[in-house]
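Remarks on the structure that follows.
The values are calculated or read from the model by the stated rules, or taken from the named source; none is laboratory data. Quick caveat: nothing in here was measured; it's all calculated off a predicted structure. Glycine gets a Cβ as well: all are built from the backbone with ideal geometry, and neighbour counts include every protein chain shown.
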Amino acid sequence: MKGLALISRLRPFGESLLAGLVGLAVGAIIMLIYGFDPIEAYIALFRGSFASLYSLSEALANATPLILTGLTFAIGLRGGLFNIGAEGQVYVGALAAIAMSLFQLPAGLHLIATLLVAMLAGALWSLPAAILKLTRGVHEVISTIMFNWIAHFLAYYLIANILVDPRRAEKTISILPSARFPILVPRTSLSYGILVSLFCAGLVLFLLWYTTIGFEVRAMGFNPAACRYAGIKRWRTALFAFVIGGFTAGLAGAVHVMGRPPSYAIFSGLGGLLNLGFDGLGVAMIGRNHPFGIVLAAIFFGGLMSGGRLMQISPGVPLELIRVVEGVIIIALAIPELVRLFRLFKWPLIWRRT
Amino acid sequence: MTVLDHFWGILFISLHALVPITLAATGEVLGETTGLFNIGLEGIILLSALTGALGAEAGGWLVGLLAGIGTGMAIGLIFGLISAYWRGDQLIVGVGVNLLALGFVAFELIILGAPGFHAVPRAAQVPGINTPIGRDLSPLIFVTLALPFLLYYLLSRTQLGLKLKAVGENPAAADVAGIRVNLLRLLAATLGAGLAGLGGAFISVDWIGSVTKEISAGRGFIALATVVFSGLNPLLVLLGGFIFGFFESLATWISTFPGIKEIVPWQVVAMVPYIVTLLVVAGAIGRVRFPAALGRPYIRE
Amino acid sequence: MKGRIRLLTLLVAVSLLVSGLAVMTGGASAGAALKGRVAVILDVGGRGDLSFNDMGFKGTDEAAADFGLQMDEIQSASDADYLPNTRNAAVSGKYDLIIGVGFLLTDAFNTVAAEFPNQKFAIIDSVVDQPNVMSIVFRENEGSALVGALAAMVAAYYGYPKVGVVLGIEIPVLYHFEAGYRFGIAWGNKKYEQVKGTNPNIGLLWTYTGTFSDIAKGKAASEAMLAQGAGLIYNVAGPLGIGDLEAVTEAVRAKGQEAGPPFMIGVDANQDYLGDGHRVLASMMKRVDRGCYKAVADVVHGTFQGGIVSLGVINRGIAISRYQDLLDFIQFGINAKAITEADRAKIISNWLEMRGKIPYWIWDAVSELEMKIVSGEIVVPTANTVEEMQAVRAQYPLP
């Protein structure tokens, strides 16, 4: 019996692995069609992602915000909400962090204050969607898409006006050194911001699995009808999911601008902030909406991104292929039949049990 | 120039801007009526802008438009298969399609040798027609204006329309009545995505005359907003598409207009349609009702 | 062949200028073993814009071919890529020279150049103050003044009340363009008054679109400007010019014609060959290609030195497009698949006809301005910060 329990625990892991392989296989097929050598490319991808301390650090640097946005989506889905508002909350969090550098504060205090304000900003941006859901029944997919776009244009406005760097109009002012995360591994992009992400993953794990409210959230996602019967309040769980999700998404924006050398600023056009929220969704999917899985999946995604840079230099495969692989993985994960399709071919026992 | 002249100028640009939004939204209304919620419109528009351009280069504008429609239908078919027959998660498939398109279009543009953009030769673009309201107008504008009426007729006046609505409202009952639920959903998803594909091809083969890696510029999401705004009424889709197109054009207009651009930031104007949509769906203007089975796969008990 | 000779002359001139200015030492000694590779790092704009990025690519490519080097091209998908891309190239140790094409790479080059003091770098459009970085900058304000004067006089000649400029992301480099253009329009207005007796008071419509890639924005902005009476649209946003030209073409067609007005004014490369040769009146050429070529050549010849290389009208690093440029760049357009060989003759004859329709005195006036800039009699204003730009705007409001 113990073995069976282990197998059922490993099953989501196996599914993600399978989807990952499908994604890489489709990537390889595309490379073959366009006349690239997929083996050479994947070797370069690996070298650029995990083969050295330098590349591993780059992968972790990319993973830093993705862990946080992955958590946002996962908390929502655990509570039965499809909250894709992380994208906009990331912008708002990053803007709030930048705004904090309009003030001078002592070193450590400045960093903590900036993180707190960015967190609050993310949560505030997430709250209206929760309220609309609870009071007017507006589906969160629609409201969060709208709020993402409003945040997008708000960011354009603030970058060009209030927060603009007077000497370098293409970007906002930089985060002051007193509020920056120090670099963790010298000569890489990896900063101490990764610790914030890991801490949040641990915290969410604790909140969702070891507290009453966390149990209620998960129960709501699992079986809303039974929850209503049991008297669990929907507004409590929904608010919890949105607010905690807003905290982590806001933090994602903040750690990106506070811990990403060399500019520590937002560029007009939003640049590196774009798609952090949507990539987080993919991370959450691959990580099966579990904090532990999310950390692994984010490192995997981050590795694809940094490895992709090397792949474009040596075999010359365009960087963008990585996004294709990402998209295929996500689609593959949406197919519950995928595993069953593969089972037809007498795959290992792990997938036989349901 | 008088205020009226400016107004006509903006209106004229809006006529083009509304086309991709309205086409995609009309298709999405068809899909959502049967219960399928496709948030991959953005990806479909982007990908079919690329295939449309390649098709037009290979065989003229008609081939280009058809290539766009074909691309949309192919994605719609896959989307329909996964969400109807395999009971996959529709929202997640949509997100996957968006990412995939984003990557593939940028990838293909690099392969084509000019990563920044790919231009469609003038000769391969849709020829404009001269009308009493303006010269060199795209014929697709008129197609776009007509389609919502067609869909309205289909949904409210025909047998097929009733069946489509039944599938979205109560798939179990429809199944009992002998309607093939999943087949109709697949059909609606495919045709609907085909319209989004036409919208994408319009951008590259007609309106802008080139593809960039971000040519869709959020129009797929705006189309989703338009659908919500309309409450699945095709005629309101037309109105919504016009409003969104108008504000898109107005925002650009303001950003070039001396005297106003210093006072009203264009970014604020660009936000207005999203805020309006939120207000509309929040019930400030009227209750919107969606099919009961929207977003859920049908599982026979 | 002729082009090559002119290029060499230029190189000699530039080298003299630079060696006169620069006092840096410590460059690699001549004859040091070459690794045989150069890297070009592009910013998010990416290649295919038929202007800025393609020019950087062209210059490096030509130099690589001439000196038998291999060139690797590194694209950036977002601004989070600049630092890792630059660092990857430096870490690999494979490159004799790493060229950054674009201002947005400034911070990344500043960081990495300090980490790898023995690696040679060159950056276009920005000043990176490190001994191993050659900073190649242009005085775009001078060329923009020339096209501004031309635009104002041509608009007045054809009876348009305004001229327009569609700019990209608000960066200091673009302030050079805007400042010069404003000065040029004001100069053109005054010149027109001297010749014709009345000041046409040509006004300026301008917008920063916030993008170097969304062509649709270029088109929409140009449409808005044309509808407000702009007779010429100056493209200062790389690929957005494709959209600008679409709008211009449609406006021309709506009049039932093929040749402008209205016209577009090209940027960076010579873009006169676009629009069948008769809808782009002139281009403000910024010879990014020559800058890149020079950097590679200096490395090969062992004369590479860090410091600033400033190119302007005086050393033909900045110029308004002429007939010979059209001939050179038609081939560039054919290579980029923007036009085909079959278009060549038609483009040339259309271009000659278009230019011929503009009165002689206007071209003379533009030459006069050019001479005065070269001689130093006229110093064209420029701007690098928001405040400086606002000062120029206040001085030349051009309502």
Can you say whether B:Ala56 is more than 14 Å from chain A (Cβ to nearest Cβ), surrounded by 21 or more Cβ atoms within 10 Å (Cβ to Cβ) and of a type in the set (A, V, I, L, M, F, W, C), as far as the supplied structure shows? yes
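Inside region C:163-186, can you point out the residues that are more than 14 Å from chain A (Cβ to nearest Cβ) and surrounded by fewer than 24 Cβ atoms within 10 Å (Cβ to Cβ)?
Filtering region C:163-186 down to residues more than 14 Å from chain A (Cβ to nearest Cβ) leaves C:163-166, C:180-186.
If the condition is that a residue be more than 14 Å from chain A (Cβ to nearest Cβ) and surrounded by fewer than 24 Cβ atoms within 10 Å (Cβ to Cβ), then C:Ala186 is the only one that fits.
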| Regarding A:Ser263, is this residue surrounded by fewer than 24 Cβ atoms within 10 Å (Cβ to Cβ), in contact (Cβ under 8 Å) with a residue 24 or more places away in the chain, touching an Asp or Glu at 6+ places or on another chain (Cβ under 6 Å) and within 14 Å of chain C (Cβ to nearest Cβ)? | no
Checked against (1) assigned to a helix (DSSP H, G or I); (2) over 19 Å from C:Leu150 (Cβ atoms), C:Asn384 satisfies every condition except (1)
Filter region A:27-55 for residues that are of a type in the set (A, V, I, L, M) and free of Cβ contacts under 8 Å to residues at least 12 places away in the same chain; the one that is nearest to A:Leu310 (Cα to Cα) is A:Ile43
Considering region A:36-65, residues that are of a type in the set (Ser, Thr, Tyr) and part of a helix (DSSP H, G or I), and then whichever is nearest to A:Ile183 (Cα to Cα), we arrive at A:Ser57
Scanning region B:84-132 for residues that are touching a Gly at 6+ places or on another chain (Cβ under 7 Å) and either more than 14 Å from chain A (Cβ to nearest Cβ) or acidic (Asp, Glu) (or both) gives B:Phe117, B:Ala119, B:Val120, B:Ala124, B:Gln125
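Quick grid of which residues meet (1) assigned to a helix (DSSP H, G or I); (2) surrounded by fewer than 24 Cβ atoms within 10 Å (Cβ to Cβ); (3) within 11 Å of the chain's Cα centre (by Cα); (4) β-branched (Val, Ile, Thr):
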position	(1), (2), (3), (4)
A:Phe292	yes, yes, no, no
A:Leu296	yes, yes, no, no
A:Gly308	yes, no, no, no
A:Pro315	no, yes, no, no
Q. Would a scan of region C:141-154 turn up a residue that is away from chain A (no Cβ under 13 Å) and assigned to a strand (DSSP E or B)?
A. no
Counting only helices (runs of 4 or more DSSP H) wholly inside region B:168-260, the ones holding at least 1 residues that are within 20 Å of B:Gly55 (Cα to Cα) and out of contact with any Cys (no Cβ under 6 Å at 6 or more places or on another chain) are B:181-202
- Tell me, please, whether a residue that is of a type in the set (Ser, Thr, Tyr) and either within 30 Å of A:Gly269 (Cα to Cα) or within 14 Å of chain B (Cβ to nearest Cβ) (or both) can be found in region A:167-176. yes
If we keep only residues of region C:94-121 that are small (Gly, Ala, Ser) and in contact (Cβ under 8 Å) with a residue 24 or more places away in the chain, then the residue surrounded by the most Cβ atoms within 10 Å (Cβ to Cβ) is C:Gly100
Filtering region A:220-250 down to residues that are of a type in the set (A, V, I, L, M, F, W, C) and at pLDDT below 90 yields A:Met220, A:Phe222, A:Ala225, A:Ala226, A:Cys227, A:Ala230, A:Ile232, A:Trp235
Note on C:Thr303: of the conditions (1) among the polar types (S, T, N, Q); (2) assigned to a loop (DSSP other than H, G, I, E, B); (3) at pLDDT 95 or above, unmet is (3)
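So that you can scan it fast, the table gives a plain yes or no per residue for (1) closer than 18 Å to A:Gly271 by Cα; (2) more than 12 Å from every other protein chain (Cβ to nearest Cβ):
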{"residue": "C:Asp43", "(1), (2)": "yes, no"}
{"residue": "C:Gly48", "(1), (2)": "no, no"}
{"residue": "C:Phe57", "(1), (2)": "no, no"}
{"residue": "C:Glu62", "(1), (2)": "no, yes"}
{"residue": "C:Asp66", "(1), (2)": "no, yes"}
{"residue": "C:Ile74", "(1), (2)": "yes, no"}
{"residue": "C:Tyr82", "(1), (2)": "yes, no"}
{"residue": "C:Asn85", "(1), (2)": "yes, no"}
